[in-house]
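The block underneath contains the structure these notes are about, expressed in structure tokens.
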Amino acid sequence: MSRVTLSRYLIEQTRCNHTPADLRFLIEVVARACKEISHQVSKGALGGVLGSMGTENVQGEVQKKLDVISNEILLEANEWGGHLAGMASEEMDNAYQIPGKYPKGAYLLVFDPLDGSSNIDVNVSVGTIFSVLRCPDRNGDEGDLGEEAFLQPGTEQVAAGYAIYGPQTMLMLTLGDGVKGFTLDRELGSFVLTHDNIKVPESTKEFAINMSNQRHWEAPVQRYVSELLAGETGPLGKNYNMRWVAAMVADVHRILTRGGVFMYPRDSREPEKPGKLRLMYEANPMSMIIEQAGGVATDGNQRILDIQPTSLHQRVAVFLGSKEEVLRISAYHRE
Ligand code: AHG
Ligand code: MN
Ligand code: MN
């Protein structure tokens, strides 16, 4: 049986005029960086990569050594190839400028270098999430690229994906034409297409939320989760099971595989911050993937991909996954 590697898949996409050559190169470079991150993550204590840096990122979160290592791997891999106009990351306060000695390209790359950092030291799945946008026309402006260039709604993404570093390393990718899953063949060092045409089941009996925040949630979420917990004798008439990995990549990966609903609602602890997850490099790429797989992604009131961002590190409430449940959550927000 002939194997379709990521390279072959991308070349065939270019051949049928779906994927420009520079976008294909970009995805290959990101995939290569993910392989290197996967390798670093897998070393664990032997590589001295566990533990904290003792520094904080722009969100005020403690940076793990692997957050910083992963960020550097992605920057170094992507800065020289001439396919990018700039990058932005969870781990950097401002937009990253492509060094002047390298050519610049048409795209912007935004990423969460290592999602689920709190899982690293306990050997549970983590991942890398990325989003690709076109750089707006700068009318010959050669100066530093500002944050504004990145502030485009998720509908403008030309590609999105994530790598998950679990029992297997996988790359899940959408170029706006469905979702493909590639598994890393560690002996050959290449990603091989193993999951063609991924679809999120429309209904589910599985939900994911951090229940410890319950007392801070808004009324529609309180109602919905209490109905889930009421099981078959409640209004939803079926028993639900709960899973919470505390790494969005792992929770979303489960939902892509067997359905489910993922929730990180806004809550009353920090009213000025709508939720915990970040729009540009967590919610938008994941929402594009989920929609491309037939699921739904909203912030309760609107489609996540339609939100006009106002800042690079903006937060957003997230409800995504199986259509039936996410539509129910939206309906409860409207009532
Ligand atoms: P990151 O490690 O990139 O900061 O992201 C962690 C996020 C997300 O992956 C996960 O769903 C959520 O935080 C977990 O939050 P809790 O700590 O509230 O469980
Ligand atoms: Mn994250
Ligand atoms: Mn992260």
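The values are calculated or read from the model by the stated rules, or taken from the named source; none is laboratory data. On a predicted model such as this, the values are computed, not experimentally measured, just so you know. Note that each Cβ is placed from the backbone with ideal geometry, even for glycine, and that neighbours are counted across all protein chains shown. To get the accessible areas, we keep the full protein, side chains included, count just its heavy atoms, and leave off ligands, DNA and RNA. Shrake-Rupley method; radii C 1.70, N 1.55, O 1.52, S 1.80 Å.
Estimate the FRET efficiency between Asp121 and Thr183 by the formula 1/(1 + (r/R0)^6), using the beta-carbon distance for r and 22 Å for R0, to the nearest 0.05. With R0 = 22 Å, the Cβ-Cβ based efficiency is 0.30. Of all segments of the chain bounded by trypsin sites (Lys or Arg not before Pro) found in a DSSP loop with no more than 14 other C-beta atoms within 10 Å, the longest spans 4-100. Once the C-beta distance of Trp80 and Gln214 is scaled by a Förster radius of 51 Å, the resulting FRET efficiency is 0.60 to the nearest 0.05. Across segment 206-334, Cα pairs under 8 Å and at least six residues apart give a relative contact order of 27 percent.
Based on the Cβ-Cβ distance of Val62 and Arg15, what FRET efficiency does E = 1/(1 + (r/R0)^6) give at R0 = 35 Å, to the nearest 0.05? Computed FRET efficiency for Val62 and Arg15 comes out at 0.15. Per-atom-type breakdown for segment 6-195 gives carbon and sulfur 48% of the accessible area (1.4 Å probe, protein chains only).
Ordering Thr19, Val110, Leu145 by Cα displacement along the dipole of the chain toward the positive end leaves Thr19 in first place; charges were set at the Cβ atoms of Lys, Arg (+1) and Asp, Glu (-1).
Of the solvent-accessible surface of segment 212-335, computed with a 1.4 Å probe and all protein chains present, 47% belongs to carbon and sulfur.
For the chain, a simple Cβ point-charge model (Lys and Arg +1, Asp and Glu -1, everything else neutral) yields a dipole of about 940 debye relative to the Cα centre. Counting only Cβ charges, +1 for Lys and Arg and -1 for Asp and Glu, the dipole size of segment 1-82 around its Cα centre is about 460 debye.
Quick check on my link table: of Lys199/Lys323; Lys35/Lys180; Lys43/Lys180, which ones sit more than 20 Å apart, alpha carbon to alpha carbon? Pairs exceeding 20 Å: Lys43/Lys180.
In this structure segment 206-334 gives 38 Å² per residue of accessible area when probed at 1.4 Å with all protein chains present.
Accessible area per residue for segment 6-195 is 42 Å², calculated with a 1.4 Å probe on protein heavy atoms, without ligands, DNA or RNA.
Taking a Cβ cut-off of under 14 Å around Thr257, the surrounding Lys, Arg, Asp and Glu residues balance to a net charge of +2, with basic ones at +1 and acidic ones at -1.
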